[in-house]
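Following: one structure in structure tokens, then a few remarks.
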Amino acid sequence: MTRVVSIYLPDLPTDRIRRADPSIPPDQAIAVIARSGSKRWVSAADAAARKSGVRIGMPAAKAQALFRGLMLVDADPAADAAALERITLWALTIYSPIVAVDGIDGIVMDTEGADHLQGGELPMVTKIANQFLARKLTARVAVADAWGAAHACARAISRDTVIVPAGETVRRAAGAGGRTSADDGRAQCHRGL
């Protein structure tokens, strides 16, 4: 049965900025600012900025007023895309022979038959999450029977790792009855860090 791993990188722009400039203190809040004409808004914010109330889509001036020490950096979608491509190529050398960029903030891998090389799915997704963390990349990792399920779980469930048991994707989704909480006991999710 096909098994797909989705790796969601929710903070890729701010992680890229931190990795490019190691002199930025770990507690320094960062917001990435996009522009369209004279309009400026927050297109990405790291955990410290979000904790201070900065939100994606917020006008840049409002974000700066909320938090005076906020570091504002101009958006660079080309640099983000290049970083994602490099990360994807790195993942190709370590995890699976079938790895691809998934949108602007993720990676997708076909891991059918590869999980046993890592000791099973739980050790595999835990290892992936830990290796991304070691590279100073915020990552949420999900594995399921299909790309859509893995993609959705990595983005919608606020856990570092999510495993939808093989053959259970449809039943688990139907059994959720429209609920969005992963904590209701129906989804078998594993926190790996």
Give me the one-decimal nm value for the distance between modelled label points at ASP74 and VAL170, 7 Å along each residue's Cα-to-Cβ direction. 5.2
I need the per residue convex hull volume for the chain, using only the alpha carbons, in cubic angstrom as a whole number. 129
With all protein chains present, how much of the accessible area of the chain (probe radius 1.4 Å) comes from carbon and sulfur, to the nearest whole percent? 57
Give the cross-link partners of LYS62 among the lysines, using a straight C-alpha distance below 17 Å as the criterion and excluding same-chain residues fewer than 8 apart. LYS39, LYS51
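For the chain, what does -39500 (n - 2.57) per DSSP helix run (n ≥ 4), summed and divided by total residues, give at 222 nm, in deg cm²/dmol to the nearest 500? Can you show the working numbers first?
Working: 7 runs with 70 residues, N = 193.
-10500 deg cm²/dmol, from helical runs alone.
Per the Kirkwood formula on distinct C-alpha pairs, the Rh of the stretch 47-87 is how many angstrom? Walk me through the intermediate numbers first.
On the way: mean 1/r = 0.0858 Å⁻¹.
It is 11.7 Å.
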Rg over Rh [alpha-carbon atoms, Kirkwood Rh] for the stretch 73-116: 1.09
Return the distance in nm (one decimal) between the two label points of a simple spin-label model at ARG135 and ALA100, each offset 7 Å from Cα along Cα→Cβ. 2.0
Net +/- balance of residues flanking THR2 in space, Cβ distance below 9 Å, scoring K and R +1, D and E -1: -2
Taking LYS136 as the anchor, which aspartates and glutamates have their alpha carbon closer than 13 Å to its alpha carbon, excluding any fewer than eight residues away along the same chain? ASP11, ASP15, ASP21, ASP46
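Fully extended, how many nm does the chain gain between SER38 and ALA20 (0.36 nm per residue separation, minus their Cα-Cα distance)? Don't skip to the answer; put the middle values down first.
Details: separation 18, 0.36 × 18 = 6.48 nm, distance 2.75 nm.
Result for the pair: 3.7 nm of gain on full extension.
The values are calculated or read from the model by the stated rules, or taken from the named source; none is laboratory data. Keep in mind that this is a model prediction, so the values were computed, not measured. Don't worry about glycine lacking a Cβ; one is built from the backbone with ideal geometry, like all the others, and counts go over all protein chains shown. With ligands, DNA and RNA removed, areas are computed over all heavy atoms of the protein, side chains included. Shrake-Rupley method; radii C 1.70, N 1.55, O 1.52, S 1.80 Å.
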